[in-house]
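To start, the structure itself, in structure tokens.
The values are calculated or read from the model by the stated rules, or taken from the named source; none is laboratory data. As the structure is a prediction and not an experimental result, all values here were calculated from the model. When we count neighbours, we look across all protein chains shown, and the Cβ atoms used for this are built from the backbone with ideal geometry, even at glycine.
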Amino acid sequence: MNASKVYFIGAGPGDPEFLTLKGARVLAECRAVFAPTPYEQTFAAHLDGKTVLVPFDFYFAELLERIRAFLQEGSVAFLVPGDLTFYSPFQGLIDALGDLAEVIPGVGTANAASARLKRTLDLPGVCKSAVILSPRTLGDRPEDPKLIDFARPGTTLLIYMNNIPLPELATELRKGYGVNVPIAIIHRLCLPGEEIVQGTLDDIVAQVGERDFFNLQAKTKRPALTLVLVGETLGAREDGTWWDYRRDNIWRYRDGE
Ligand SMILES: C[S@@+](CC[C@H](N)C(=O)[O-])C[C@H]1O[C@@H](n2cnc3c(N)ncnc32)[C@H](O)[C@@H]1O
């Protein structure tokens, strides 16, 4: 039997269909699972017979104590929303656990959103870069960059954990881009209550209406499960030009075969 481990399993956007085969295998082996809401509900079929706890119910030291106690009995799993790559609060635990921690990659919200919209987030000739950011973490010192500094033609923005009211957000982005560009608001992707609104910076406020997709009126400061994508790639149409260019210039073997 392998030594017990603490697995940080990339759980995807919320639907267990997006768990990787490795994630599912490792989860099945663990007797204790820390699952942030709503994963304890959406993953219920995978959690049957296990001890399930919500990690955010504990202070850090208490959490480590619990983990160490569970490790006496077998491996422990954390269901990591999306996966660890971006905006994940689990780094401190992973560092504290050292060799006991193992991270399993998963489907990030960005991946699932791109798939749902059927759009690649960079597109030659349309989008030169894609920037992942959150207004919550840009900083508020005068020298810190502002959202508007990233809103540039040819840049796709992936805005996580937005806390700016939509009318202000759209106005700020419109100023940055200087033109009207497509925007998609992706709420509770792959979860019950999923809503996706696609529009442009000029009409998105009207399209969304009274819906509080960012939980700005909620009692808790917890970020809403809403991802915002902005950029020309969302509305672009791709023909075969770049395919043939790559065929001629990139994919061909150097000897011409
Ligand atoms: C703390 S971050 C976690 C990101 C996660 N590590 C990932 O890889 O996608 C939480 C933010 O991710 C986005 N998010 C997570 N799950 C989502 C979902 N199911 N639908 C839409 N956005 C989601 C939202 O922007 C939310 O505020």
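Each residue in region 199-219 was checked for being outside any helix (DSSP H, G or I), surrounded by fewer than 16 Cβ atoms within 10 Å (Cβ to Cβ) and not small (Gly, Ala, Ser), and 8 of them qualify. Annotation note: of Phe34, Phe18, Phe86, the sole residue that is modelled with pLDDT of 95 or more, within 15 Å of the ligand (Cβ to nearest atom) and surrounded by fewer than 19 Cβ atoms within 10 Å (Cβ to Cβ) is Phe86.
Mind listing whichever residues of region 46-80 are in a strand (DSSP E or B) and surrounded by 21 or more Cβ atoms within 10 Å (Cβ to Cβ)? Correct list: Val76, Ala77, Phe78, Leu79, Val80. The residue of region 105-126 that is nearest to the ligand (Cβ to nearest atom), among those that are in contact (Cβ under 8 Å) with a residue 60 or more places away in the chain and over 15 Å from the mean Cα position of the chain (by Cα), is Arg119.
Residues of region 234-250 include at least one that is closer than 16 Å to Ala110 by Cβ and either surrounded by 15 or more Cβ atoms within 10 Å (Cβ to Cβ) or at pLDDT 95 or above (or both).
Considering region 142-194, the residues that are of a type in the set (Val, Ile, Thr) and more than 16 Å from the ligand (Cβ to nearest atom) include one that is surrounded by the fewest Cβ atoms within 10 Å (Cβ to Cβ), namely Val179.
Pick from region 1-15 the residues that are part of a loop (DSSP other than H, G, I, E, B) and within 16 Å of the ligand (Cβ to nearest atom): which of them is surrounded by the fewest Cβ atoms within 10 Å (Cβ to Cβ)? Checked region 1-15; the qualifying residue surrounded by the fewest Cβ atoms within 10 Å (Cβ to Cβ) is Asp15.
Among the residues of region 89-104, none is identified as free of Cβ contacts under 8 Å to residues at least 24 places away in the same chain and buried (at least 17 other Cβ atoms within 10 Å of the Cβ).
Inspect region 235-253 for any residue being assigned by TED's automatic domain parsing to the domain that holds Arg119, polar (S, T, N, Q) and within 26 Å of Arg152 (Cα to Cα) and give the result as yes or no. No, because not a single residue in region 235-253 is assigned by TED's automatic domain parsing to the domain that holds Arg119, polar (S, T, N, Q) and within 26 Å of Arg152 (Cα to Cα). In region 28-46, the condition of being closer than 26 Å to Ala130 by Cβ and of a type in the set (Phe, Trp, Tyr) is met by no residue. Among the residues of region 49-71, is there at least one that is without any contact (Cβ under 8 Å) to a residue 60 or more places away in the chain, within 16 Å of the ligand (Cβ to nearest atom) and aliphatic (A, V, I, L, M)? Yes, because at least one residue in region 49-71 is without any contact (Cβ under 8 Å) to a residue 60 or more places away in the chain, within 16 Å of the ligand (Cβ to nearest atom) and aliphatic (A, V, I, L, M).
Remark: pairs (first residue in region 216-237, touching a residue at least 12 places away in the same chain (Cβ under 8 Å); second residue more than 12 Å from the ligand (Cβ to nearest atom) and among the aromatic types (Phe, Trp, Tyr); Cβ separation under 8 Å; 6+ apart in sequence or on different chains) = Val230/Tyr177.
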